[in-house]
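Student: Got a structure for you, written out below as C-alpha cells; questions coming shortly.
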Amino acid sequence: MKTRLANLRQVPPTALFGIVIVILYIVLAILTPALTPYSQREIVGGAFLPWTSAHPLGTDSLGRDMLTRLLYGGRNTLGIAFVTTILAFAIGMAAGLVAVTVGGWLEPILSRIVDMLMSIPQLIFKLFLLSIFGTSIPTLILVIAVLDSTRVFRLTRAAASSIAVMDYVEAARLRGEGPWWLMTREILPNITAPLIAEFGLRFCFVFLAIAALSFLGLGIQPPLADWGSMVRENATLITFGDITPLIPAAAIAVLTISVNFIVDWMLHKSTGLKE
Amino acid sequence: MNPILILIAKRLGLGLLTLWFVSFGVFFAIEALPGDTAEAILGQSATPETVAALRKELHLNQPALLRYWNWQIAVLTGDFGTSLSNGRPVSELIGTRLGNTMFLAGMAALISVPLALCLGLLAALWRNSLFDRLINAVTLTSISMPEFFIGYVLIFAFAIRAGILPPMSAISPTMGLPDRIVFTILPALTLTLVVVAHMMRMTRASLVNLLSLPYVEMARLKGAREMRVILFHVLPNALGPIVTVIALNLAYLITGVVVVEVVFVYPGLGQLLVDSVSSRDLPVVQVSCMIFASAYILLNLTADVIAIVSDPRQLHRT
C-alpha cells in the first residue's frame, strides 16, 4: 500500500504545477481584503501612475490601485464563475438524470431543446440575452449557467444512460425504489468521475466567458473589479509600452492553463485505470 | 431514393428549422421587454399621444404574430429596418462591416487551415518525438488563453516593441488591398492562434487513429515509406473528419471574431453588435445576431453534410 506522499510523487509536473496555482488563486481570493490597504472602489491618486512601492502595479485609468483591483478582480471573477458552474451543474445534472430515469416523452423533448440551444453560437447568444435582460450579476450568472448546462446535460445523459440499463438499477426499480433513489443512490455515484473532470473544464469555459463578456463591457459592471474589464479599461497603456494591463489577462490564462493541466491528468488517470 | 440524399435532406431541414426558431426567439424575446420601440425612440419625455402616433406609424398596433411575419419577409428581402440610435437603415450600417468581417475571417482561415494541416501531419508523422510533445504543450496552452490576451500580446510585440505593424485596424472602404492586408494581419493572426490548436490536434488524432489499423500495417509491410503511407493511405480516409473539424472551427471563428474585433478596433460586424448591445439598439442587435447565428448554423450544417458524404460507413449507422 502506497502512502499519500508517494502518490503525490507520481503526479506529473504539469498537474502538480496546476494544483499549486489553483490553491494559490483560491488562497489569494479568500485573503484579498486582508492583503491590501485599499478598497476596489477607492481612488488613491492620479490616473496611470507608474509602479511605486505604495502602488506596486501603479494605478488604473481612474486612479485606483492596480494591485488591489487585480486581487479583488480575481476574487469577484472566481466567485461568480464558481457559483455559475455550480448552478450549471445543478440544472444540467438534474435535467440529465430526470431524462434518463423518468424518460418517456420528457427525454426527446429535453434533448431537442438542448440541440437547439447548442446550435446557436454561445457568445452571440449570451450577448443577445444580456442585451434583453440587462447586465446585472444575477442575470449574468443565470444566462451563462443555463446555456452552459446544455453540455452538462449531454454528458450526464450519455453517462447515465449506460448505467441505467445495468441489472442493479433494474433490481432497485423492481424492489420499488422511487426515481429519486435511483438517481441519487444507483446512478449518480457511478458517473461522478466524468462529471468531476467536466466540472474543471466547464469552470474554465465559464471563467473565460465571464472574462470575455466583462472585456466587452457586458459582464461584471464597474465599479466592481474584474480581470476582463481591467484589460479593456487600461488597454491604452499597452500603446505606451506598459505591460500592466496584460497582467490580469495573463492571470486568466495561467488559471485556465492550470485547470486544463489538472483535468488532462485526471482524464489520463481515469482512462488508465480502465485499461 | 438514395439514403445519403434523405439523410442530407433531413439535416438541411433540421438546420432550417433551427434557423427559423432562432428568428422566432430573436423577435419575440424583444417583444417580451417592458416598453416598446416607440417609447424607446421617443424617450421618457414623450406624451401618450405622440407615442400612440409613432406606434401607428411603426405598425406596432398590429398583432405580434403579424408583425413577426412582416419582419421575417422584410429580413428575407434585405430590408432590416432602421437603427434606433441614429435612424439610419440597418442594412447600410451592416453592409461594409459584414464585408470587413468576412475579409478578416477569410484571411484567418487562409492562414490557419494549411498551417493546422501541416502541423497535424508532421505531429502524426513524428509522433511521440520532441516536436510532437512541444507542439502538444504549445497548443494546449494556446487553447486555454483568452482571445484578448493573445491579441494584446501580439500588439505589444509587433506594433509597440518591433513597430512593424499597426496596433489598430483603421480600415476604410477606399483602402487598397495591400493596405487592408497590412491592417488585418494582427487580428487574423490572433484568430489563427485561437483556432489552429484545435484543428491541429484533431488532425493529428484522426491520423493517429487510422495508423493503428491493419491496412496501414499492410502498406508498411509491403515496403511503403512512412511519408507515403500517411499521404496516400491514411490521409484520404482521414479527410472526412478533418474537413468536418475545419468547418466547425470556421464556425468558431465567427464568434471569436467579436472579441478580436473589439481588441483591434476593427470596423466589423462584431464591433457593431457589441456597441448596439451596450446602447440597446435592438433592431441592430436582432439583425447582427441573425447573421452570426445563420453563418454558424450553415457552417455546422456543412460540416454535418461533409461528414455524411465523405464516409460511406455513416450510411449504415442508422
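The values are calculated or read from the model by the stated rules, or taken from the named source; none is laboratory data. What you see is a predicted model, and the numbers here were worked out from it, not measured in a lab. Glycine gets a Cβ as well: all are built from the backbone with ideal geometry, and neighbour counts include every protein chain shown. In case anyone asks, the SASA skips ligands and DNA or RNA and just uses the protein heavy atoms, side chains included. Shrake-Rupley method; radii C 1.70, N 1.55, O 1.52, S 1.80 Å.
Student: Would you mind telling me which numbered condition in (1) surrounded by fewer than 21 Cβ atoms within 10 Å (Cβ to Cβ); (2) in contact with a Cys (Cβ under 8 Å, 6 or more places away or on another chain); (3) of a type in the set (A, V, I, L, M, F, W, C) residue A:188 fails?
Tutor: (2)
Student: Turning to a different aspect of this structure: I want to confirm something. Restricting to region B:149-181 and keeping residues that are touching a Leu at 6+ places or on another chain (Cβ under 7 Å) and not aromatic (Phe, Trp, Tyr), which single residue is farthest from the other protein chains (Cβ to nearest Cβ)?
Tutor: The residue in question is B:165.
Student: Hey, another quick one. From A:176, A:104, which residue is assigned to a loop (DSSP other than H, G, I, E, B), under 30 Å from residue B:29 (Cβ atoms), more than 14 Å from every other protein chain (Cβ to nearest Cβ) and of a type outside the set (Val, Ile, Thr)?
Tutor: Of A:176, A:104, the one residue that is assigned to a loop (DSSP other than H, G, I, E, B), under 30 Å from residue B:29 (Cβ atoms), more than 14 Å from every other protein chain (Cβ to nearest Cβ) and of a type outside the set (Val, Ile, Thr) is A:104.
Student: Return a yes/no flag: does region B:247-263 have any residue that is farther than 30 Å from residue A:115 by Cα, of a type outside the set (S, T, N, Q) and facing chain A (nearest Cβ under 10 Å). Let's see the steps before the verdict.
Tutor: Going through region B:247-263, the residues farther than 30 Å from residue A:115 by Cα turn out to be B:263.
This time we only want the ones that are of a type outside the set (S, T, N, Q), so: B:263.
Then keep just the ones that are facing chain A (nearest Cβ under 10 Å); that gives B:263.
There is at least one residue in region B:247-263 that is farther than 30 Å from residue A:115 by Cα, of a type outside the set (S, T, N, Q) and facing chain A (nearest Cβ under 10 Å).
Student: Test of understanding: among A:89, A:82, which residue is modelled with pLDDT of 90 or more, of a type outside the set (Gly, Ala, Ser) and farther than 13 Å from residue A:150 by Cα?
Tutor: One residue alone meets the criteria, A:82.
Student: Identify, from the list B:176, B:151, B:223, the residue that is open to solvent by 30 Å² or more (accessible area, probe 1.4 Å), at pLDDT 85 or above and out of contact with any His (no Cβ under 7 Å at 6 or more places or on another chain). Full working, then the answer.
Tutor: Working: B:176 fails: at pLDDT 85 or above; B:151 fails: open to solvent by 30 Å² or more (accessible area, probe 1.4 Å).
Going through B:176, B:151, B:223 in turn, just one is open to solvent by 30 Å² or more (accessible area, probe 1.4 Å), at pLDDT 85 or above and out of contact with any His (no Cβ under 7 Å at 6 or more places or on another chain): B:223.
Student: What are the pairs, 6+ residues apart or on separate chains, where a residue within region A:109-120 that is within 13 Å of residue A:157 (Cα to Cα) has its Cβ under 6 Å from a residue that is β-branched (Val, Ile, Thr) and at pLDDT 85 or above?
Tutor: Qualifying pairs under 6 Å: A:114/A:150.
Student: Let me ask something else about it. Can you name every one of the helices (runs of 4 or more DSSP H) wholly within region B:190-284 that holds 2 or more residues which are charged (D, E, K, R) and more than 19 Å from the chain's Cα centre (by Cα)?
Tutor: B:214-221
Student: Also: Quick one: would you say residue B:171 is in contact with a Phe, Trp or Tyr (Cβ under 7 Å, 6 or more places away or on another chain), open to solvent by 30 Å² or more (accessible area, probe 1.4 Å) and not in a helix (DSSP H, G or I)?
Tutor: no
Student: In region B:289-306, is there at least one residue being touching a Phe, Trp or Tyr at 6+ places or on another chain (Cβ under 7 Å), assigned by TED's automatic domain parsing to the domain that holds residue B:134 and in contact (Cβ under 8 Å) with a residue 24 or more places away in the chain?
Tutor: Our first condition is that a residue be touching a Phe, Trp or Tyr at 6+ places or on another chain (Cβ under 7 Å); within region B:289-306, this holds for B:289.
Now drop any that are not assigned by TED's automatic domain parsing to the domain that holds residue B:134, which leaves B:289.
Adding the requirement that they be in contact (Cβ under 8 Å) with a residue 24 or more places away in the chain leaves B:289.
Yes, that holds for at least one residue.
Student: Looking for something open to solvent by less than 70 Å² (accessible area, probe 1.4 Å) and assigned to a helix (DSSP H, G or I) - is there at least one such residue anywhere in region A:30-37?
Tutor: yes
Student: Could you tell me whether region B:258-280 includes any residue that is within 22 Å of residue B:116 (Cβ to Cβ), surrounded by fewer than 24 Cβ atoms within 10 Å (Cβ to Cβ) and among the charged types (D, E, K, R)?
Tutor: no
Student: If you don't mind, there's one more thing I want to ask. Return the pair list, or none, for Cβ contacts closer than 8 Å from residues in region A:46-69 that are at negative phi to residues that are surrounded by 13 or more Cβ atoms within 10 Å (Cβ to Cβ) and of a type in the set (Phe, Trp, Tyr), at least 6 apart or on different chains.
Tutor: These pairs meet every condition: A:57/A:51; A:59/A:48; A:60/A:48; A:61/A:48; A:64/A:38; A:65/A:38; A:68/A:38.
Student: For region A:181-275, please list each of the helices (runs of 4 or more DSSP H) lying entirely inside it that holds at least 3 residues being within 9 Å of chain B (Cβ to nearest Cβ).
Tutor: Here the list reads A:192-215, A:227-233, A:246-274.
Student: Now, a different point. Check A:150, A:156 and return the single one that is of a type outside the set (Lys, Arg), within 18 Å of residue A:104 (Cβ to Cβ) and modelled with pLDDT of 90 or more.
Tutor: A:156
Student: Would you be able to say whether some residue in region B:295-314 is more than 14 Å from every other protein chain (Cβ to nearest Cβ) and polar (S, T, N, Q)?
Tutor: yes
Student: For residue B:110, state whether it is more than 22 Å from residue B:253 (Cβ to Cβ), in a helix (DSSP H, G or I), open to solvent by 60 Å² or more (accessible area, probe 1.4 Å) and more than 9 Å from every other protein chain (Cβ to nearest Cβ).
Tutor: Details: more than 22 Å from residue B:253 (Cβ to Cβ): no; in a helix (DSSP H, G or I): yes; open to solvent by 60 Å² or more (accessible area, probe 1.4 Å): yes; more than 9 Å from every other protein chain (Cβ to nearest Cβ): yes.
Taking the combined requirement at face value, the residue does not satisfy it.
Student: Right, something else. Among the numbered criteria (1) modelled with pLDDT under 85; (2) under 26 Å from residue A:82 (Cβ atoms); (3) out of contact with any Phe, Trp or Tyr (no Cβ under 6 Å at 6 or more places or on another chain), which one does residue A:54 miss?
Tutor: Of the numbered conditions (1) modelled with pLDDT under 85; (2) under 26 Å from residue A:82 (Cβ atoms); (3) out of contact with any Phe, Trp or Tyr (no Cβ under 6 Å at 6 or more places or on another chain), the odd one out for residue A:54 is (2).
Student: Something else: Provide a single number: the residues in region A:175-234 that are in contact (Cβ under 8 Å) with a residue 24 or more places away in the chain and basic (Lys, Arg).
Tutor: The qualifying residues number 1.
Student: Which residues, counting only those in region B:126-148, are of a type in the set (A, V, I, L, M), open to solvent by 30 Å² or more (accessible area, probe 1.4 Å) and away from chain A (no Cβ under 13 Å)?
Tutor: Of everything in region B:126-148, those that are of a type in the set (A, V, I, L, M), open to solvent by 30 Å² or more (accessible area, probe 1.4 Å) and away from chain A (no Cβ under 13 Å) turn out to be B:130, B:134.
Results for (1) assigned to a helix (DSSP H, G or I); (2) modelled with pLDDT under 85; (3) closer than 29 Å to residue A:161 by Cα, shown as yes or no for each residue.
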{"residue": "A:110", "(1), (2), (3)": "yes, no, yes"}
{"residue": "A:115", "(1), (2), (3)": "yes, yes, yes"}
{"residue": "A:124", "(1), (2), (3)": "yes, no, no"}
{"residue": "A:139", "(1), (2), (3)": "yes, no, no"}
